Amino acid sequence: MWRFSVRSIFPGHSTKDVQNHPVLPWIGTDFTLCRTLNREKMECFGMAAQQNIILKSITQKIAKPAVLAVLTSALALTLTACSDKENKEQTAEDKQTVEDNKPVADTQTKEQTLPSETEIFTTESGLQYQILTKGDGASPEATDTVTVHYEGTLMDGTVFDSSYKRGETISFPLNRVIKGWTEGVQLMNVGSKYKFTIPSELAYGESGAGGVIPPNADLIFTVELFDILDADEIEKQEAAKRAEMEKMIEAMKAEGEKFLTENAKKSGVKVTESGLQYKELLAGTGKSPAATDRVTVHYEGTLIDGTKFDSSYDRGEPIDFGLNQVISGWTEGLQLMQEGAKYKLFIPYDLAYGPQGSPGAIPPYATLVFTVELIRVN
């Protein structure tokens, strides 16, 4: 173990000067350069590292040539001395490694190198970031809309969100997301890939989010910046989305109308004035409900292509509800039934969930098919 005083290693510089150096926060009045050296590996400042990496890292980051030259000399001396103590048979090749990695104390860097993946930067707010890939495009402002790929994890590695898994990028205004994103993505260039460690106060704070992010959770995001969209591009994209939605709506309406027209011609199907269609599968013998009654039923609901979106049969138990608290097609259709009856209801979109649909299950303007069994009127 070799120890050196600040003044002996950095002539003309005080302890405070060196302690305030952005790359040497660990130095005190005296300090240890290494603990153990075995041939090619050493433990420096408590971390295992390659000799050449330690030399290269320090020489690239210390700006003052005089300090650079002295530190290089001292570090080379330390490596040799430690090595002699730990391994008497160090080879000429090992010694040459140190010599080969001695930097030239030059006032200008001949070749600019990007920060390594392991280098972590911290902003004044406490946001930390690593540059995984450096892009060469423009950097966004807080008011810009950006297009990114990302993955978000908790500190234990649990993935809570990922555009990669969804298979598509996402675009959003940069000033409408968490503070850590607003600040961090502005540091990037188009084409960059960064890793951000975001303190909870720059993320979701004490409230957490959506049951997947706990309160006061620090988060890790890997972000790729693909594009910065200007106002014209955004308007074009929005117009394209609206056109696509209108096209889908018209197709959905036409498909539903065609289905109902053909279905009305089938044997046993009856049509009410409202446009509701129904077919009796099993006659009942009990009483019929009024709109204000509560009923108990079993049911299964599908889209017209047969896609099932809900079923009390699958859950293994019937449901109980007020007949005036459901979609119009049910309120009307069940009043036609008697206890013990089983009907099939074909419900136009305007008697079902209308233009909005039911998110995640029923598309806008969807015609629905229900098989309903009226168990009792309560």
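The values are calculated or read from the model by the stated rules, or taken from the named source; none is laboratory data. What you see is a predicted model, and the numbers here were worked out from it, not measured in a lab. Methodologically, a virtual Cβ is constructed for each residue, glycine included, from the backbone with ideal geometry; neighbour enumeration extends over all protein chains shown.
Table for the structure above
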quantity: Which listed residue, of 110, 134, is out of contact with any strand residue (DSSP E or B) (no Cβ under 8 Å at 6 or more places or on another chain), within 12 Å of residue 225 (Cα to Cα) and either surrounded by 11 or more Cβ atoms within 10 Å (Cβ to Cβ) or modelled with pLDDT under 90 (or both); calculated: 134
quantity: Members of region 155-177 that are assigned to a strand (DSSP E or B) and β-branched (Val, Ile, Thr); calculated: 159, 170
quantity: Filter pass, residue 179 being in contact (Cβ under 8 Å) with a residue 40 or more places away in the chain and out of contact with any Cys (no Cβ under 6 Å at 6 or more places or on another chain); calculated: yes
quantity: Qualifying residues in region 206-227 (those that are of a type in the set (A, V, I, L, M, F, W, C) and in a strand (DSSP E or B)) - the one surrounded by the most Cβ atoms within 10 Å (Cβ to Cβ); calculated: 225
quantity: Pair list, Cβ under 7 Å, 6 or more apart: region 137-154 residue part of a loop (DSSP other than H, G, I, E, B), other residue among the polar types (S, T, N, Q) and at pLDDT 95 or above; calculated: 137/189; 138/189; 139/186; 139/189; 140/186; 141/186; 142/182; 142/186
quantity: Pair list, Cβ under 7 Å, 6 or more apart: region 117-128 residue on the phi < 0 side of the Ramachandran plot and in the same structural domain as residue 219 (by TED's automatic domain parsing), other residue modelled with pLDDT under 95 and surrounded by 12 or more Cβ atoms within 10 Å (Cβ to Cβ); calculated: 128/120
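Yes or no, residue by residue, for (1) more than 30 Å from residue 253 (Cα to Cα); (2) buried (at least 16 other Cβ atoms within 10 Å of the Cβ); (3) not β-branched (Val, Ile, Thr):
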{"position": "289", "(1), (2), (3)": "yes, yes, yes"}
{"position": "299", "(1), (2), (3)": "no, yes, yes"}
{"position": "317", "(1), (2), (3)": "yes, no, yes"}
{"position": "325", "(1), (2), (3)": "no, no, yes"}
{"position": "331", "(1), (2), (3)": "no, yes, no"}
{"position": "336", "(1), (2), (3)": "no, yes, yes"}
{"position": "344", "(1), (2), (3)": "no, yes, yes"}
